[in-house]
1. Report the accessible area of Leu176, computed with a 1.4 Å probe over the heavy atoms of all protein chains in place, in Å² rounded to the nearest 10.
2. Suppose R0 equals 25 Å; then what is the FRET efficiency for Val91 and Asn35 from their Cβ-Cβ distance, rounded to the nearest 0.05?
3. Relative contact order, percent, of the chain when contacts are C-alpha pairs under 8 Å separated by at least 6 residues?
4. With each label point set 7 Å from Cα along the Cα-Cβ vector, what nm distance links His152 and Ala171?
5. Of all DSSP beta bridges in the chain, what percent run antiparallel (nearest 5)?
6. What aspartates and glutamates could a cross-link reach from Lys183, if we take a straight Cα to Cα line under 12 Å and drop same-chain neighbours fewer than 8 places away?
7. Please sort 56-68, 13-25 by packing, taking for each peptide the average over its residues of neighbouring beta carbons within 10 angstrom, highest first.
8. Could you tell me what percent of the accessible area of the range 12-166 is made up of carbon and sulfur, with a 1.4 Å probe and every protein chain present?
Amino acid sequence: MLKIDVTKKYALAVSGGADSMAMLHAFAHHLPRPNFYVVTINHNIRPEGASDCQFVENYCKQLGIECYVFDIDVPTHARENKLSLETSARVLRSQIFDKLNCDYVCTAHHARDHAETVLMHIIRGSGLVGAQGIREYNGKYFRPMLNVTKEHINNYLQQNNVPFVVDQTNADDKYLRNYIRNKVLPLLADVCPSVEQNI
């Protein structure tokens with residue numbers, strides 16, 4: 001599923017959700033196994049945050065993979081700095097990721113995330129620059145699954161019996177990304193089934 005340079009050292013950002021668990025499993029079962037470790041973060045936004053981190057840590061132990069758990073207080077940071085929860089989470093995560101000992105920090109963004117991001121940028125009036133969406137490589141960040149479809153990820157999880165947790169906030173359409181994911185893209189797919197890949 002992934003093209004990985006085994007000469008590099010990677011830090012995998014794993015939430016426990018379907019996409020990041022697919023990425024973790026693919027790295028763990030790649031031959032030869034790459035030089036990587038896992039980072040999981042409790043944002044203290046959801047009550048399940050701590051148990052999700054424990055889930056990731058336990059899975060890593062089963063596979064013999066180093067796992068580092070971080071705890072950040074996103075609600076307090078957002079309130080004190082007058083930022084949205086999403087922005088505060090991104091700022092605090094970046095502070096952690098920037099200090100990691102690795103060549104690349106891997107996130108599990110995939111083709112649907114890419115399409116969502118392009119649409120979000122266009123809606124906000126970003127012009128052609130924003131329409132580029134997510135980059136596969138951006139400084140220290142690497143998105144190894146950027147060209148992988150959500151359907152492929154779901155099939156991979158099922159075929160390999162990969163466990164994952166479900167973040168209930170993904171169903172909350174008050175967030176723009178969720179609204180585009182849950183409402184807009186399905187409507188566009190009715191008109192053009194290959195809309196994600198086309199975007």
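The values are calculated or read from the model by the stated rules, or taken from the named source; none is laboratory data. Note that the structure is a prediction, hence the values are computed from the model and not measured. Positions of Cβ are backbone-derived with ideal geometry, glycine not excepted, and every protein chain shown enters the neighbour counts. Please note that ligands, DNA and RNA were not included when accessible areas were found on the heavy atoms of the full protein model with its side chains. Shrake-Rupley method; radii C 1.70, N 1.55, O 1.52, S 1.80 Å.
1. Per-residue accessible area (Leu176): approximately 60 Å².
2. In this case the efficiency is close to 0.35.
3. 24 percent
4. Inter-label distance under the simple model: 2.9 nm.
5. Bridges in the chain are about 10 percent antiparallel.
6. Glu116, Asp172, Asp173
7. 13-25, 56-68
8. 50 percent
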